[in-house]
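Just so you know, all these numbers are worked out from the coordinates, no wet-lab data involved. For clarity, every value in this text was computed on a predicted model and none was experimentally measured. Ideal geometry is used to build each Cβ from the backbone, glycine not excepted, and the neighbour counts take in all protein chains shown.
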Amino acid sequence: MIDVSPEARELLTVVQEFCEKEVLPRAREIEDGTAIYDTELLHTAAAIGLQSLIVDERGAVDPEGFVLAHETNEIIASYSGSFALALSIARLHAYMLCSYANPEVRDQWLPGLLAGTGFGAFAISEPHAGTDVRAITTVARRDGDDYVLDGEKSWITQGPRAEFAVVLAKLDHRGRDAETAAFVVDLAAEGASAGPAEPLIGFRGVPLGTLNFSGVRVPAVARMNVEGFSGMLEGVNLARLDCASYALGFIRGALRECSTYLGEREAFGGPLSRNPLLQAQLGSMLAAYLSGRNLTHAALESFAAGGGGDNTLVSAAKLTTTEAAMAQSTVAVQLLGGSGVHTDYLVQSYFRDSKIIQIIDGTSQIHQLMLGRTVSRIDWTAPVPALRGIR
């Protein structure tokens, strides 16, 4: 049903054992926000090589690692969405640094990311600029060998713990037509500060908050070698694919938890797993998992090919899987009844985390809109409708 290479299977077996022995017993600690950064979990993950799956020994992006990173993320998310998110953030920043940062800046931050000892933040959104990226007001003005950065970023994952941030800013003025650039900003610099973690319903193990910049001097060498919007879109697409991996992990976990629970619980003279109505619901859950997985792998292949991936496939994968995760985690909670809303059972965490991934990295409605606009640009009278390559 699911085919992977022998080498990949060996790593995935290690990841599965790691999750069962070390992540699952700390699931509640992780959700309380105390386990990811204050235990050896990230160091163990680094020893396995999870943060470095998309980086080769030369410090360059390894395209062959994207699918394997997805596979590991799926497994981990089925035990802890927060821990999967923490590892994905490390890989996202490794991708941005290896793709566009100057070597001296890359070498300053990359080792810590890969070792599980350094943390970054990806800073695009602002209090009044989410999907409308052109509305951002963070501005960087050139001053000698530096840029001076002013502005506020909001809803920044890992912001309260980050040591550096990849920041999107306008150059020189705040007009909608301003040129943009991305900077790697040392958050220990004078004038940079982070707000407290915001209380969210899901992904509680990874803090999210604001970043403030008031006259922060950023060396010119820290400007990334890419036009701001296009470079950040690559990062956003990678984050969207990560959302798909969390979603599939939640559905996978729901299948595992529901099949186990229903197989053990008896009612009306037999195990609930033999009830045709419940079997039908699990069948729909499996179909959602398999169809979402195939679409996501197509999107991953497009991303690995370069150029930030096929936007249509990436958007479709993010939309389809996150909507399915919300629907199927709701079913899972219902199937477990009272146990489904008890924090001792994982299905309630899938339910809460699934709502988050319907919103982050482009809401479901935004992806519906983007895909809807694509429809009119496809020749549906052709023998094979042209989906790939549409941007």
Mean Cα-pair separation over length for the chain, i.e. relative contact order, pairs under 8 Å, 6 or more apart, %: 15 percent
Estimated 222 nm signal from helices in the chain, with DSSP H stretches of n ≥ 4 weighted -39500 (n - 2.57), rounded to 500: -16000 deg cm²/dmol
Cα-Cα separations in region 6-119 greater than 23 Å, expressed as whole percent: 26 percent
Spacing of the two label points (7 Å from each Cα toward its C-beta) at Ala304 and Asp38, in nm: 3.9 nm
GluC sites (Glu not before Pro), loop per DSSP, at most 14 other Cβ atoms within 10 Å - longest free stretch of the chain: 191-391
Ala189 versus His128: modelled label distance in nm, points set 7 Å from Cα along the beta carbon direction: 2.5 nm
Options [x] 27.9; [y] 20.4; [z] 29.0 - which one matches mean projected area of the Cα convex hull in nm² as calculated here: [y]
Mean projected area in nm² (Cα convex hull; one quarter of hull surface) for region 172-228: 5.8 nm²
Local electrostatic count, Ala324, Cβ distance below 14 Å [Lys/Arg +1, Asp/Glu -1]: +1
Exposure proxy ranking, count of Cβ atoms within 10 Å, fewest first, for Lys170, Lys318, Lys355: Lys355, Lys170, Lys318
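With a sphere of radius 13 Å drawn around the Cβ of Ser339, what net charge do the other residues whose Cβ falls strictly inside it have (Lys, Arg +1; Asp, Glu -1)?
Details: positive: Arg265; negative: Glu257, Glu264, Asp344.
Once positives and negatives cancel, what remains is -2.
May I ask for the Rg/Rh ratio of region 229-375, computed from Cα atoms with Rh as the Kirkwood radius, given to two decimals?
On the way: Rg = 17.0 Å, Rh = 16.0 Å.
Rg divided by Rh gives 1.06.
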Euclidean distance between Cα centres, region 1-73 to region 224-271, Å: 15 Å
Lys pairs under 29 Å by Cα in the chain, provided they are eight or more residues apart or on distinct chains: 6
Burial ordering of Asp344, Asp150, fewest other beta-carbon atoms within 10 Å first: Asp344, Asp150
Potential extension, Ala60-Ala8 segment - 0.36 nm per residue separation minus Cα distance: 16.7 nm
Trypsin sites (Lys or Arg not before Pro) within region 53-152: DSSP coil, no more than 13 neighbouring Cβ in 10 Å: Arg58
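Using only alpha-carbon positions, what ratio does the radius of gyration of region 1-51 give when scaled by 2.2 N^0.38 Å?
The value comes to 1.30.
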Separation between Cα centres of region 312-364 and region 158-208, rounded to whole Å: 27 Å
Sparse-neighbour loop sites [chymotrypsin sites (Phe, Trp or Tyr not before Pro); region 223-270; at most 14 other C-beta within 10 Å; DSSP]: Phe268
Cα-based convex hull, region 121-227, per residue volume (Å³, whole number): 96 Å³
Region 207-291 - percent relative contact order, Cα under 8 Å, separation 6 or more: 20 percent
Additional length obtainable on full extension of the chain from Glu29 to Asp344, 0.36 nm per residue less Cα span: 112.2 nm
Fewest-first sequence of Thr330, Thr320 by Cβ atoms within 10 Å of each Cβ: Thr330, Thr320
Among Gly231, Gly307, Gly159, residue whose mean-square fluctuation peaks in a GNM of the chain (springs only between Cα atoms under 10 Å): Gly307
Within region 329-346, backbone nitrogen closer than 14 Å to the virtual label 7 Å beyond the Cα of Ser364 toward Cβ: 329-331
Formal net charge of residues neighbouring Glu264 (Cβ-Cβ distance under 15 Å; K, R +1; D, E -1): 0
